[in-house]
Amino acid sequence: MTSDGAKPGAASVDTSVNVGGIQLRNPVLTASGTFGYGTEFAAFMDLRKIGGFVAKSLTLEPRSGNMPARIVETPSGMMNAIGIENVGVEAFIHEKLPQIPEEVPVVASVFGTDPEMYAETCRRLSDVPQIKGLEINASCPHVKSGGIEFGQNPKVLAELVRVTRKATSIPLLIKLSPNVTSVAEMAKVCEAEGADGISLINTVQALEVNIETRRPVLRNVLGGLSGPAIRPIALRMVWQAAQAVKIPICGIGGIATGEDAVKFLLCGATAVQVGTANYVNPKAAQEVAEGLVAYAQAQGVSALRDLIGALELPESG
Amino acid sequence: MVASSEAALAGSPTRSDAEVVFNRDEGADNWRMRLRVPGWPRQTAPGQFAMLTPGGLTKLSSDPLLPRPMAVYRVFTEAGGAEVEFLYKVVGRGTTLLSQAEAGEVVGVVGPLGQGFSLPPSKGKAVLVAGGTGVASVYELAALACEKSEVWLLMGARSAADLGNLEDFEALPLNLEIATEDGSRGHRGLVTELMGAAGLDGEEKLTLYACGPTPMMRAVAKLAAERGQRCFVSLENPMACGFGVCLGCAAPRSDGGFSLVCRDGPVFDACEIDWENL
Ligand SMILES: Cc1cc2nc3c(=O)[nH]c(=O)nc-3n(C[C@H](O)[C@H](O)[C@H](O)COP(=O)(O)OP(=O)(O)OC[C@H]3O[C@@H](n4cnc5c(N)ncnc54)[C@H](O)[C@@H]3O)c2cc1C
Ligand SMILES: Cc1cc2nc3c(=O)[nH]c(=O)nc-3n(C[C@H](O)[C@H](O)[C@H](O)COP(=O)(O)O)c2cc1C
Ligand code: FES
């Protein structure tokens, strides 16, 4: 089936894409940390109507998160400092994954505090049939030991990609941080070290203050900004990364509608991930997939793939 | 999904755009809104809540972005869904937008969510302590509890005007006592000061329930611990999703871990909560 959301009588649209070896029925995934372990959404949507989902970042051992407050709403967005709270890789494989319908492709997100921990987590996930790819979270901006350092320093990032690449032969995506000077440079590092694709962006490092208490709102002081507020930044970074590398890109940041997703494809993304919008409307990802098809039909586009990188730039004088 | 029998009893939550039946100002920024919610399950546990989005689930504006959690006040089941009533106080932008929704317009609803209150043992005694908008969480509990138990409802507010419309509560066979900080109605002072009333302090076979501002719940929990009484609280941590995926609403537990207020709560046994870090 390649015509999700098609209206009867409307031209069918080929929605399938391939992200670095991960074959997807449509280009809409859900972003890590915003879709739980997938099971929570069963009451609200049909998981088979999206391309697949990226699970909450996993660590080798279960991990408890930060003290509250962990979230705060900001203009057209929200900030979070959860602290990569997760059930750990083994509980994910044995308790969570069996609850997901088999035909739903799962990408496991991996986090660690040193490269060897990342590598070991990757090894444990690599032989699980339903896991179609790994996404290395090299960009979480609010965990003191790890996260930001990997994604912000090209040498450290190169080592992480090298070590995780060695640990797995299944498709490997690297999720990049927006909190860098040159995303193109980071993307090139990933490509050179053998990554199959990149995902971007993670949350934008931010601060919110309570003027009554004169304290930061979040206990962690800094948090990561997500939602529509970061969408233009994300689009810019996807476009810059797409100019720099040939490996496919998963575009992330503030996507809530099919129109938003179209913009990311035009800027060079092969697939997109829906994040914060899942909280606002638990069926958002399915509606983004349907919206992409509606756009293609209205524009006479027969395959969504044809939109990738189709941005038309003004003539340079 | 959560496999507990309570969750199964409560039924699967719905996600739908609900039509506003009425939405009215009851004074002092207290509002009452009734929504016709398609797909609302047959059973709602007392103390469950819903996430509400003024303008509907696919609203055009992204600011404010997140839905607002509101306790389910009363439910009137009907074919294919239910009419669900909410009591809310206008305190900021989200609740201002809610108050502007007129009859016939839509409000997005995800719910019912969370785990509700356990009822007091039959023929037992129950004391419900409610402060501010916390009263909305305890109406269904009060109504069910007073069928089989003797119930005291202690209500606190800044002044008489803030209490809102108490007709529904006054119609129940329970002992209603009121405290206002300015003394404009009932006892002058804090609602927790009423807890010594009716000689209930030494009563071990008594269940306490508290819903309201955190300092009030903390005080009730402390008293309950001192008296050796069972105590349930309904927490109101800020939420983004309401159904256990963002991990934003975590409440620290007394045993060191975290519970999610939206999924494991909002109702908790008070002794499970780490009140220092909440
Ligand atoms: C499970 C649950 C049930 C709730 N039930 C009810 C209810 O039945 N009736 C009702 O009136 N309110 C209830 N609340 C609180 C309600 O969700 C908030 O008042 C609302 O989200 C505020 O939105 P706003 O945009 O108007 O205010 P904002 O602009 O977001 O904030 C305005 C002010 O309200 C405070 N505030 C924001 N969120 C909360 C919160 N969760 N708890 C306490 N203060 C807050 C802020 O600190 C700020 O001072 C409940 C909350 C939860 C978590
Ligand atoms: C509450 C929350 C938790 C998140 N947790 C993770 C995580 O565990 N791993 C990860 O790679 N990204 C995580 N993210 C980042 C998202 O996957 C996404 O990159 C980011 O939110 C931008 O997309 P959005 O604007 O659509 O939300 C989290 C985001 C939020 C809001
Ligand atoms: S509000 Fe998202 S997990 Fe509780």
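Laboratory data are not the source of any read-out in this text; all were calculated from the coordinates shown. Just so we're clear, the structure is a prediction, and the values are computed from it rather than from any experiment. Here the Cβ positions follow ideal geometry from the backbone for every residue, glycine too, while neighbour counts run over all protein chains shown.
In summary, chain B shows an alpha-carbon radius of gyration equal to 0.96 times the 2.2 N^0.38 Å reference for compact globular proteins. Taking 0.36 nm per residue of separation and subtracting the Cα-Cα distance, full extension of the segment from B:THR58 to B:ASP168 would add 36.2 nm.
If you count Lys pairs in chain B whose Cα atoms are under 24 Å apart, skipping same-chain pairs closer than 8 places in sequence, the total is 8.
Taking a ≥ b ≥ c as the square roots of the eigenvalues of the Cα gyration tensor, the protein assembly as shown is classed as prolate, since a/c reaches at least 1.5 and a/b is larger than b/c. Bridgeable lysines around A:LYS155 (alpha carbons under 21 Å apart, same-chain partners fewer than 8 residues away excluded): A:LYS144, A:LYS166, A:LYS175, A:LYS188, A:LYS246.
Here the calculated FRET efficiency for A:GLU103 and B:ALA79, from their Cβ-Cβ distance with R0 = 30 Å, stands at 0.30, rounded to the nearest 0.05. Of all DSSP-defined beta bridges confined to chain B, some 60% are antiparallel rather than parallel. Once each of the trypsin sites (Lys or Arg not before Pro) sitting in a DSSP loop with at most 15 other beta-carbon atoms within 10 Å is removed, chain B keeps B:43-122 as its longest stretch.
Distance between the 7 Å Cα→Cβ label points at B:SER159 and B:ARG227: 3.1 nm.
Please say if the range A:219-299 is rounded, prolate or oblate, where rounded means a/c under 1.5 for a ≥ b ≥ c the square roots of the C-alpha gyration tensor eigenvalues, and otherwise the choice is prolate for a/b larger than b/c and oblate otherwise?
On the way: a/c = 2.41, a/b = 1.14, b/c = 2.11.
Oblate shape, in that a/c is at least 1.5 and b/c is the bigger or equal ratio.
The angle between the Cα long axis of helix B:135-148 and the longest principal axis of the Cα atoms of chain B comes to about 60 degrees, rounded to the nearest 10. When chain B is treated as a GNM with alpha-carbon contacts under 10 Å, the residue of B:ALA142, B:ALA79, B:ALA50 showing the greatest mean-square fluctuation is B:ALA79.
Bridges between two residues of the protein assembly as shown, per DSSP, are antiparallel at a rate of about 50%.
Among the GluC sites (Glu not before Pro) in the range A:49-143, which ones are in a DSSP loop with at most 11 other Cβ atoms within 10 Å of the Cβ? Mind listing them? Here the GluC sites (Glu not before Pro) that fit, given the DSSP loop and packing criteria, are A:GLU102, A:GLU103.
Seen against the Cα atoms of chain A and their longest principal axis, helix A:115-126 is set at about 40 degrees. Legend: calculated FRET efficiency, B:GLU181 to B:ASP269, from the Cβ-Cβ distance at R0 = 30 Å, rounded to 0.05, equals 0.55. For chain A, the longest piece that avoids every one of the trypsin sites (Lys or Arg not before Pro) found in DSSP loops with at most 12 other C-beta atoms within 10 Å covers A:1-143.
Only helices enter the 222 nm calculation for chain B: every DSSP H run of n ≥ 4 contributes -39,500 (n - 2.57), and dividing by all residues gives -4500 deg cm²/dmol, rounded to 500.
What does the C-alpha gyration tensor say about the overall shape of the range A:17-307? Classify as rounded when a/c is under 1.5, otherwise prolate if a/b is larger than b/c, or oblate. Could the numbers behind the result be given before it?
Values: a/c = 1.24, a/b = 1.11, b/c = 1.12.
Rounded.
For the range A:178-261, state which GluC sites (Glu not before Pro) are in a DSSP loop and have at most 14 other beta carbons lying within 10 Å of their beta carbon. Listed in order of number, the matching sites are A:GLU212. Simple spin-label estimate for B:SER122 and A:ARG215 gives 4.7 nm between the two label positions (7 Å along the Cα-to-Cβ direction from each Cα). Rounded to the nearest 10 degrees, the inclination of helix B:214-227 to the longest alpha-carbon principal axis of chain B is 40 degrees.
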